[in-house]
1. For the residues T137, T155, what sequence is obtained by ranking on other C-beta atoms within 10 Å, fewest first?
2. In what sequence, highest mean first, do 145-154, 106-115 appear when ranked by Cβ atoms within 10 angstrom?
3. Are there trypsin sites (Lys or Arg not before Pro) in the stretch 159-199 that DSSP puts in a loop and that have at most 16 other Cβ atoms within 10 Å, and which ones?
4. Hey, how many Å between the Cα centroid of the stretch 150-213 and the Cα centroid of the stretch 252-312?
5. Hey, what do the phi angles of the stretch 41-58 turn into as Karplus ³J(HN,Hα) couplings, whole Hz, using 6.51/-1.76/1.60 and θ = phi - 60°, x for Gly and Pro?
6. Please compute the contact order of the stretch 156-205 in relative form: average sequence separation of alpha-carbon pairs under 8 Å and at least six residues apart, divided by the residue count, as a percent.
7. In a shell of Cβ-Cβ distance under 13 Å around W151, excluding W151 itself, what net charge do Lys and Arg (+1) and Asp and Glu (-1) give?
8. Looking at the square roots a ≥ b ≥ c of the eigenvalues of the Cα gyration tensor of the stretch 150-283, which shape do they give, rounded for a/c under 1.5, prolate if a/b is larger than b/c, or oblate?
Amino acid sequence: MKKYLAHRPWIRVLTITFLCAFYIPNHAMAQSGLGAASVGRGGISLGSLDPLWALWNDLSGLKLPPNAASDSLLTHDRESSTRTKPQEQWRWQGLALMVQRSYGLAELDERLMSTVWVTSADSNQSSKAWGIGVYDTGDALFRASRLRLGWAKSTPNWSLGLATELHILSFGGSYAPLVSISVDVAARYRLFKHHWLITSVENVGASKLREAQSSYSPVASLPSRIRIAWYSEYALRYPIRQWVEASWEVSYEPQLRYGVEWALLQAQELRLSLRAGMANSPLTPHVGFGLERRGWSVQMAMNVHPILGWSPVMDLRIGGS
């Protein structure tokens, strides 16, 4: 069978084209909300409150702005505003693990792991962060893997993040893998207390997939996307957080998402949150919940596609300060 395929290049080209067509839309969907918290609030990725998931969803949140005590929404930034030591201090933010089964199909399982470190010379002015993560989906027939490196800098009123990502697509048989390197950038700005404007550009420069160890022409382009979001928090009987996100991508319909989160329990550093959201094109409801405590969190969520069915996701965050 391998010899048959090897001597018929047109079959090889059609196979790669088909698998790329499958991978690229799913890659775009995955980027719009990795992690149960993002899925639970409508698949919104911008405005992430946890640096470990911000590495994949919102680089501007890789290091949340200092002076967190003034904004209760920044609960994952445990750095005390009273720390003013001039020397830099490194702090490990922990390890994040995720498993998601899209539409109940084992072949579409998504697996993710990431970790982040932060350092600051003056906790009241600016700080930086570095992160590394690995993503994998697929099986022996078709597998997509990504290695991501991120960096961010934040001040009390703004934050900027950058990342580079290595994409590897491998296929069964004797096909050569496809590789590409992309660059993402994101920024957030404090409009006023508890209100942020966040924007992101993915795949700056429109990186293309090429066959490894060859000089062949590009097989396909990775998706490039522009996203913008507004995030806010209201201190009612139960603290309420809201997200609205819009995204534009070439050859895809514009996406509009809305998400809301209620903190039903918040005592002695223990938080119980309920989440809900909605995405258009097609109209897809999302629900989820999470239990968080300093040093760990467990999150679960699901979305229900009107045709393909439901997709559960669970993630675990451990360690860190």
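Throughout, read-outs are computed from the coordinates displayed, never taken from laboratory work. From a predicted model like this one, the values you see are computed outputs, not experimental measurements. Note that each Cβ is placed from the backbone with ideal geometry, even for glycine, and that neighbours are counted across all protein chains shown.
1. Neighbour counts put them in this order, fewest first: T155, T137.
2. 145-154, 106-115
3. Passing both the DSSP loop test and the Cβ count: K193.
4. The two parts, judged by their Cα centres, are 23 Å apart.
5. Values per residue, Gly and Pro as x: 9, x, x, 5, 10, 5, x, 4, 9, 10, x, 5, 8, 5, 4, 9, 9, 8 Hz.
6. It comes to 34 percent, rounded to a whole number.
7. +2
8. Prolate shape, in that a/c is at least 1.5 and a/b is the bigger ratio.
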